[in-house]
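The values are calculated or read from the model by the stated rules, or taken from the named source; none is laboratory data. On a predicted model such as this, the values are computed, not experimentally measured, just so you know. Here the Cβ positions follow ideal geometry from the backbone for every residue, glycine too, while neighbour counts run over all protein chains shown.
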Amino acid sequence: MMRADYGDDSPIAAFATTPGSSALTLIRCSGKGSPDLVSSVFKSGKNGAPLLKETPGNTVIHGWITAADEKIDEVLISVFKSPKSYTGEDSLDICCHGGVCAGKAVMNVLKTAGFRDALPGEFTFRAFMNGKIDLTRSESVMELVCAKTETGRRHAVSRLSGSLEKEINEIKTSLVQVLAGAEIFLDYSEDEISADAEEAAGKLPNKGIALDVLNRLKKLSDSWRLERIYQEGITVVIAGPVNAGKSSLFNSLLKEDRSIVTEVPGTTRDWIEAFVSIEGIPVRLIDTAGLRDADDSVEKIGVERSRKLLQEADIVLFLFDGEAGHDNKPPDISASCLYIWNKCDISPLPQPFPLEGIVPISVSAKTGEGIADLYNAISSVIHEQAGSQLNNETDCAALGTARQKKLTDAAYRALEEALALTERDEPLDLIAPLLREAVNSLGEITGEVSTADILEEMFSRFCVGK
């Protein structure tokens with residue numbers, strides 16, 4: 001059997017929801033002849049189903065999916081007509097009963113009727129190919145699906161609404177204006193250019209516009225550092241000696257009892273993790289085994305894993321046991337480290353703190369005292385790592401993927417080199433190709449310039465049904 005292609009218009013179908021214990025399951029269909037194929041297995045009312053290709057768009061019809069006159073499932077079919085559909089093709093959403101069996105039975109009937117399984121991201125691919133959305137909006141679809149926090153969701157929706165596409169197009173329009181000004185002098189022979197124009201021919205026209213574009217590209221490039229944190233989050237590891245209250249702090253930050261807390265040292269033998277949102281940043285919070293020279297073989301493995309996690313962390317919360325004192329010297333930690341004096345309800349933080357260069361945050365994981373100060377300290381470190389102020393607003397365009405970052409940087413470097421050549425009074429025939437390179441890089445971001453291999457590699461990362 002030949003492999004399905006992203007570039008064809010054959011009828012495709014896929015689950016848009018995961019079959020399971022739910023009230024409803026949604027199956028999406030799209031492509032050439034889709035209404036006729038669904039009509040062949042659909043019955044509605046006493047007189048049979050109307051031909052779905054004659055049904056107006058944005059219409060919902062009730063009926064049954066059938067196979068050889070056997071009723072398979074009672075469904076609602078939403079009809080969408082080209083070009084006013086998500087893919088730009090004739091499309092249908094079949095809403096059937098939930099559960100594993102009902103949806104799979106309907107899908108089997110659809111495949112018998114002539115549909116093939118959709119490839120990952122194929123519906124969104126067709127939306128792009130049919131001019132419904134550009135590549136930045138396409139990528140924001142999966143950003144939205146994978147968003148871990150409310151802030152991440154809002155930023156993905158902003159790109160889906162076209163904020164990044166608008167910014168890229170505005171920058172590209174300005175850059176094309178600069179390129180056009182340069183190419184005017186390259187398109188005419190010397191005897192066709194006036195004396196004043198000949199004097200200006202060695203200089204880059206619209207240099208001020210080019211400098212403004214360079215600044216906008218730099219701002220866009222810098223936005224990826226923060227957006228990556230919003231999407232991927234940061235890893236915060238809680239570490240310290242046994243019985244310092246690491247698991248209690250983990251539960252307190254998480255606001256639920258996830259880690260087992262006892263008075264027995266070494267209760268936590270392995271690490272446990274959970275996600276928590278801090279200022280819209282998804283934080284992977286990890287509770288680790290107490291750091292000590294363990295005799296127990298199982299605990300020894302847990303301690304080694306804890307030490308490894310310390311090297312992988314973005315932020316480490318190292319606890320001193322306020323009840324036991326400050327005898328445990330913190331290990332060498334390469335990540336940003338916040339020192340915490342726990343159990344301040346039992347033993348107040350010594351003033352001044354005896355260990356030089358360490359100023360702990362005083363908290364009680366048991367009573368909640370100082371937890372707000374710890375949140376603020378974690379937020380401050382995140383600010384520093386992001387390299388800018390955290391921004392929960394969505395009115396500013398920002399890059400959403402590493403692909404966009406790579407192409408933005410390529411455009412920036414090409415324009416920066418063009419401006420450097422201008423400062424050295426180099427001829428425009430050396431400068432213009434760099435300007436074209438920058439324009440092409442921006443075109444790749446939105447998909448104006450693309451290749452089949454790049455598109456397939458990008459959309460294949462999507463989930464099936466999108």
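What to note about this one:
- Going through (1) at pLDDT below 90; (2) within 30 Å of the chain's Cα centre (by Cα); (3) of a type in the set (Asp, Glu) one by one, residue 54 falls short only on (2).
Residues checked against (1) at pLDDT below 90; (2) acidic (Asp, Glu); (3) closer than 17 Å to residue 135 by Cβ:
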| residue | (1), (2), (3) |
| --- | --- |
| 400 | no, no, yes |
| 407 | no, no, yes |
| 411 | no, no, yes |
| 418 | no, no, no |
| 437 | no, yes, no |
| 451 | yes, no, yes |
| 457 | yes, yes, yes |
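- Looking only at segment 89-100, and only at residues there that are within 15 Å of residue 16 (Cβ to Cβ) and out of contact with any helix residue (DSSP H, G or I) (no Cβ under 9 Å at 6 or more places or on another chain), the one that is surrounded by the fewest Cβ atoms within 10 Å (Cβ to Cβ): 98
- The residue that is nearest to the chain's Cα centre (by Cα), counting only those in segment 219-253 that are acidic (Asp, Glu) and more than 17 Å from residue 315 (Cβ to Cβ), is 227.
- Scan of segment 47-58 for residues that are surrounded by fewer than 16 Cβ atoms within 10 Å (Cβ to Cβ), in contact with a Phe, Trp or Tyr (Cβ under 8 Å, 6 or more places away or on another chain) and of a type in the set (Gly, Ala, Ser), ordered by number: 57
- Some residue of segment 119-132 being within 17 Å of the chain's Cα centre (by Cα), buried (at least 21 other Cβ atoms within 10 Å of the Cβ) and touching a residue at least 60 places away in the same chain (Cβ under 8 Å): yes
- For beta carbons closer than 6 Å, sequence separation of 6+ or different chains, a first residue in segment 411-432 that is surrounded by 20 or more Cβ atoms within 10 Å (Cβ to Cβ) and a second that is among the β-branched types (Val, Ile, Thr), the qualifying pairs are 418/431.
- Some residue of segment 367-383 being farther than 30 Å from residue 157 by Cα and either acidic (Asp, Glu) or at pLDDT below 85 (or both): yes
Residue-wise test of (1) surrounded by 15 or more Cβ atoms within 10 Å (Cβ to Cβ); (2) assigned to a strand (DSSP E or B).
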| residue | (1), (2) |
| --- | --- |
| 45 | no, no |
| 60 | no, yes |
| 64 | yes, yes |
| 71 | no, yes |
| 74 | no, yes |
| 77 | yes, yes |
| 84 | no, no |
| 87 | yes, no |
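- Test: residue in segment 21-29 that is surrounded by 19 or more Cβ atoms within 10 Å (Cβ to Cβ) and part of a loop (DSSP other than H, G, I, E, B): no
- Failed condition for residue 236, given (1) at pLDDT 85 or above; (2) under 25 Å from residue 410 (Cβ atoms): (2)
- Residue check for residue 111: out of contact with any strand residue (DSSP E or B) (no Cβ under 6 Å at 6 or more places or on another chain), among the basic types (Lys, Arg) and under 13 Å from residue 28 (Cα atoms): yes
- Residue 42 being aromatic (Phe, Trp, Tyr) and closer than 30 Å to residue 156 by Cβ: no
- Filter result for residue 116 (under 19 Å from residue 35 (Cβ atoms), crowded, with 23+ Cβ neighbours inside 10 Å and of a type in the set (Lys, Arg)): no
- Under the condition of being buried (at least 24 other Cβ atoms within 10 Å of the Cβ) and within 12 Å of the chain's Cα centre (by Cα), the residues counted in segment 153-179 number 3.
- Entry remark, segment 221-239: residues being touching a helix residue (DSSP H, G or I) at 6+ places or on another chain (Cβ under 9 Å) and of a type in the set (D, E, K, R) number 3 in total.
- Residues in segment 205-220 that are out of contact with any helix residue (DSSP H, G or I) (no Cβ under 9 Å at 6 or more places or on another chain) and either closer than 16 Å to residue 414 by Cβ or outside the structural domain of residue 173 (by TED's automatic domain parsing) (or both): 1 in all.
- Subset of segment 324-350 [farther than 16 Å from residue 252 by Cβ and modelled with pLDDT of 80 or more]: 336, 337, 339, 347, 348, 349, 350
- Residue 289 being at pLDDT 70 or above and of a type in the set (A, V, I, L, M, F, W, C): no
- Taking the listed residues 106, 41, 79, the one that is touching a residue at least 40 places away in the same chain (Cβ under 8 Å) and in contact with a Pro (Cβ under 8 Å, 6 or more places away or on another chain) is 79, with no other qualifying.
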